[in-house]
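Working notes, beginning with the structure itself.
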Amino acid sequence: MASQYHLSEVLQRFLPNYQQLHALNYRQSLVCQHIAACHTAKLGMQQWQCDRCEFQKIHYCSYRDRHCPRCQGQKSQEWIAKQQAQVINGPYFHLVFTLPHELNVISQYADKALYRALFQAVWQTLSQFAANRKQLKGQLGITTVLHTWGQTLSQHIHLHCLVPGGVLTKEGKWITVKKAYLFPVKALSQVFKGKMLQALRAESVALPRLDAVINKPWCVYSKACLARPETVIKYLARYTQKGMLHESRIKHISQDDVTFSYKDYRQPTQQKTMTLSGVEF
């Protein structure tokens, strides 16, 4: 569904005030410039005309920045096609590994090390379970996409994993999982916690509030794909090229505020709205 509001409008209206309070690095500033200018006369235009009638249409050019919600439709489709070509005929599981919010601050001073440790810890955790389970022992497969935000656009670092429900043995035999779950989530959470902290120490990352991080339960979500795995792939594709916010979620832009919709997963049947000042948004 096309939105009557665009992210470029938000940036054009509120970015100058934001920059008075917060410094943007070169890359952030460049992305904001690209999104603000995308599909405007600043980038030039094409005038299309039907060769059978008088109909004309003006099409403004784009930057094709991967963070822009109005660009990269073709790239997203290419990614979907590539992933769907690798889908096997069998069950799939959707797992989400979430970092405690106490570790969010690491992204401010060691983001690459944090995300590298997250991918490594998740893969080591799943591989360990796949290697040690008597009924499901072999090489696991996985497709992962990193998200660093939640539905309300607050920082919420988690890794989505699309995992085939089976393993490949050393003899080249495919063994399919017989249960309704891949691995027990409580055990996954404990092993993931240990692997993640170990990986961060290996990266020489200073760990904030270590007691709080160690003592609180970590969250791993897992469920079988009731829909086809292609559906999950399409869901993940929304965020591989187009940034965090689909413009259909922007409901109103006033002189001072931005209102957008979000899903409250505690009440998944209800769509809610949130209004923030333009600068905070």
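The values are calculated or read from the model by the stated rules, or taken from the named source; none is laboratory data. These figures come from a predicted structure and were not determined experimentally. Every residue, glycine as well, gets a Cβ built from its backbone with ideal geometry; the counts of neighbours run over all protein chains shown. We work out accessible area using only protein heavy atoms, side chains counted, and drop any ligands, DNA or RNA first. Shrake-Rupley method; radii C 1.70, N 1.55, O 1.52, S 1.80 Å.
Tell me which residues, restricted to the range 236-252, are modelled with pLDDT of 75 or more and either open to solvent by less than 20 Å² (accessible area, probe 1.4 Å) or assigned to a helix (DSSP H, G or I) (or both). Don't jump to the end; show me each part of the working.
At the first step, the residues of the range 236-252 found to be modelled with pLDDT of 75 or more are 236-237, 244-252.
Within the range 236-252, Leu236, Ala237, Leu245, Glu247, Ser248, Arg249, Ile250 qualify.
Scanning the range 256-272 for residues that are modelled with pLDDT under 95 and either open to solvent by 80 Å² or more (accessible area, probe 1.4 Å) or more than 22 Å from the chain's Cα centre (by Cα) (or both) turns up Lys263, Tyr265, Arg266, Pro268, Thr269, Gln270, Gln271.
Is it the case, given these coordinates, that Thr176 is touching a helix residue (DSSP H, G or I) at 6+ places or on another chain (Cβ under 8 Å) and either surrounded by 15 or more Cβ atoms within 10 Å (Cβ to Cβ) or not basic (Lys, Arg) (or both)? No. Would a scan of the range 254-269 turn up a residue that is in contact with a His (Cβ under 8 Å, 6 or more places away or on another chain) and within 30 Å of Gln20 (Cα to Cα)? Among the residues of the range 254-269, at least one is in contact with a His (Cβ under 8 Å, 6 or more places away or on another chain) and within 30 Å of Gln20 (Cα to Cα), which makes the answer yes. Whether a residue is open to solvent by 30 Å² or more (accessible area, probe 1.4 Å), without any contact (Cβ under 8 Å) to a residue 24 or more places away in the chain, part of a helix (DSSP H, G or I) and not aliphatic (A, V, I, L, M) was assessed, and Lys75 does not pass this test. Of the strands (runs of 3 or more DSSP E) lying entirely inside the range 78-187, the ones with 1 or more residues being touching a Phe, Trp or Tyr at 6+ places or on another chain (Cβ under 8 Å) are found at 92-98, 143-149, 155-164, 166-168.
Look at the range 208-237: where a residue is on the phi < 0 side of the Ramachandran plot and a partner is open to solvent by 30 Å² or more (accessible area, probe 1.4 Å) and among the basic types (Lys, Arg), sitting 6+ places away or on another chain with Cβ atoms under 9 Å, you get Pro217/Lys186; Val220/Lys186. For the range 16-39, a residue qualifies if it is within 21 Å of Gln255 (Cα to Cα) and assigned to a loop (DSSP other than H, G, I, E, B), and exactly one does: His22. Residue count for the range 124-137, restricted to those that are surrounded by fewer than 17 Cβ atoms within 10 Å (Cβ to Cβ) and touching a Leu at 6+ places or on another chain (Cβ under 9 Å): 2. Among residues of the range 254-275 that are basic (Lys, Arg), those with a beta-carbon under 7 Å from a residue that is modelled with pLDDT under 95 and assigned to a loop (DSSP other than H, G, I, E, B) at least six positions away or on a different chain give the pairs Lys263/Gln151; Lys272/Asp264. Of all residues in the range 12-70, those being hydroxyl-bearing (Ser, Thr, Tyr), closer than 19 Å to Phe281 by Cα and open to solvent by 60 Å² or more (accessible area, probe 1.4 Å) number 1.
Would you point out the residue of the range 210-235, among those that are basic (Lys, Arg) and surrounded by fewer than 14 Cβ atoms within 10 Å (Cβ to Cβ), that is modelled with the lowest pLDDT? First the steps, then the outcome.
Taking the range 210-235 first, the residues basic (Lys, Arg) are 216, 223, 228, 234.
Imposing the further condition that a residue be surrounded by fewer than 14 Cβ atoms within 10 Å (Cβ to Cβ) reduces the set to 216, 223, 228.
Working: Lys216: 87, Lys223: 82, Arg228: 74.
Checking each candidate, the answer is Arg228.
Remark: pairs (first residue in the range 158-180, aromatic (Phe, Trp, Tyr); second residue part of a strand (DSSP E or B); Cβ separation under 6 Å; 6+ apart in sequence or on different chains) = Trp174/Gly166; Trp174/Leu168. Scanning the range 140-157 for residues that are of a type outside the set (Ser, Thr, Tyr) and under 25 Å from Thr231 (Cβ atoms) returns Leu140, Gly141, Ile142, Val145, Leu146, His147, Trp149, Gly150, Gln151, Leu153, His156, Ile157.
Only a single criterion out of (1) assigned to a helix (DSSP H, G or I); (2) more than 18 Å from Ala121 (Cα to Cα) is not satisfied by Arg201, namely (2).
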